[in-house]
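Structure first, commentary second.
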Amino acid sequence: MSESDRPFAERTPTSADLRADVFLAAAMLVGGVLSAWLTSVAGFYGDEQAPLMWGVVYAAVVTAPLALRRRFPSLVAIVVCAAYFVAVSLRIPEIYVGNIAMFIAIYTVGAWVDDRRRAMLVRVVLIAGMFLWLLITTFQDATAPTDDGFSRVGAFSPYVAFMLIQFLINALYFGGAYYFGDHAYAAARKRAELHERTTQLEREREVTARQAVALDRLRIARELHDVVAHHVSAMGVQAGAARAVLDADPAATRQALSGIEASAREALDELRHLLGTLRAPEEAGIEGADNAASTVRLEGLPALVEHAVDAGLPTTLSELGDPWPVPDVVQVNLYRIVQEALTNARRHGGPDARADVRLRYSPDAVEIEVTNTGRTGVPSGGGLGLVGMRERASASGGTIDAGPRSRGGYLVRVRVPRQPAAELA
């Protein structure tokens with residue numbers, strides 16, 4: 001069975017469809033009674049014509065089933081065609097509304113039967129039966145010993161011409177019913193497929209929207225974690241130093257308190273910028289979302305290292321290779337990874353820990369490496385910092401290696417391949 005032959009859905013007529021069918025049947029009944037009366041008055045069948053009463057009965061029989069044509073299309077088509085055959089055979093005075101009813105019935109089979117094989121068989125049998133009947137009646141009429149009607153003289157007599165017209169009209173009539181029924185079914189199939197695609201796209205749009213919200217929440221969580229963890233950790237270390245020398249060294253205490261004040265200001269500035277971005281997301285744009293959420297860049301690494309030193313973690317910074325333009329989003333993510341690595345080194349490396357930051361530019365990638373001495377324990381508290389670093393590396397299209405070193409301390413290495421120039425725009 002081909003794709004077009006398979007039913008695409010089990011369709012049921014709506015209440016509006018059923019009401020429309022009832023109105024159609026009622027209108028056809030009125031037209032059928034009127035046609036039967038006029039045909040009877042005109043004496044269409046001459047002396048062989050049946051009484052008008054049978055025309056009224058026939059009008060009811062041939063039109064009433066149309067009220068159920070979409071519920072039982074095949075049965076309705078069989079009943080209507082059988083009624084038409086009986087009416088013409090018995091010379092019942094009505095032919096025009098019956099023809100219309102038969103056209104509608106055959107059309108409905110093609111338009112509403114979901115089993116396409118059954119729809120084809122029902123219509124082919126009915127149409128073949130009608131043509132066979134037409135052939136039989138034509139043969140009987142041609143061989144009847146009568147001189148009434150059209151002249152039969154000549155190879156192409158008026159009678160032959162009339163019969164050819166009859167066959168041509170019937171071919172167009174039944175062919176039209178067959179074609180328009182299939183066309184209506186195909187149109188309904190396309191509408192159903194379009195509705196299904198629309199529904200699927202709507203579901204996908206909702207999923208995409210939920211994913212976008214989740215990703216945005218994840219981005220915000222990373223930013224908040226990096227900002228708060230870094231500065232609060234630094235303030236904790238400086239506050240501990242200030243408490244230790246509070247009585248013995250007032251100058252060192254003032255310096256530590258100044259560091260706490262500076263860290264608090266920096267944290268508030270970054271949080272204020274982040275909250276401002278959340279209040280006006282349209283100003284950030286889609287591509288620059290992470291960029292808009294922070295003003296940090298790789299050029300801010302010296303200040304970050306200096307802050308780490310002030311917070312009690314001796315740190316060095318070295319830059320290798322020839323710098324090349326790095327996308328803003330990648331710069332933000334690399335900066336935040338260094339920030340988190342230094343925060344972890346300060347929190348978990350111990351009092352004698354030292355850190356080293358290396359920024360390398362190669363022709364095909366940019367690489368950041370943060371190493372620290374001291375204890376090799378991994379961060380506690382669920383490891384959200386490590387998760388955030390991995391997410392940032394992945395979002396930048398890079399890879400990350402993080403773990404304790406064999407000779408002590410911890411290593412974080414991130415490598416981001418160089419992106420094509422078109423992606424930098």
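Each residue in Val296, Val207, Val160 was given a count of other beta-carbon atoms within 10 angstrom of its own, and listing them fewest first yields Val207, Val160, Val296.
Sorting Ile92, Ile136 by the number of Cβ atoms found within 10 Å of their own Cβ, with the fewest placed first, yields Ile136, Ile92. Annotation: average projected area of the range 296-425 is 7.6 square nanometres, based on the convex hull of Cα atoms across all directions. As a proxy for reagent exposure, Ile127, Ile220 were ordered by neighbouring Cβ count within 10 angstrom, fewest first; the result is Ile220, Ile127.
All of the numbers you see were taken from the coordinates with simple rules; none came from a lab. Not measured: the values here are computed from a predicted model. Glycine also receives a Cβ, built like all others from the backbone with ideal geometry; neighbour counts cover every protein chain displayed.
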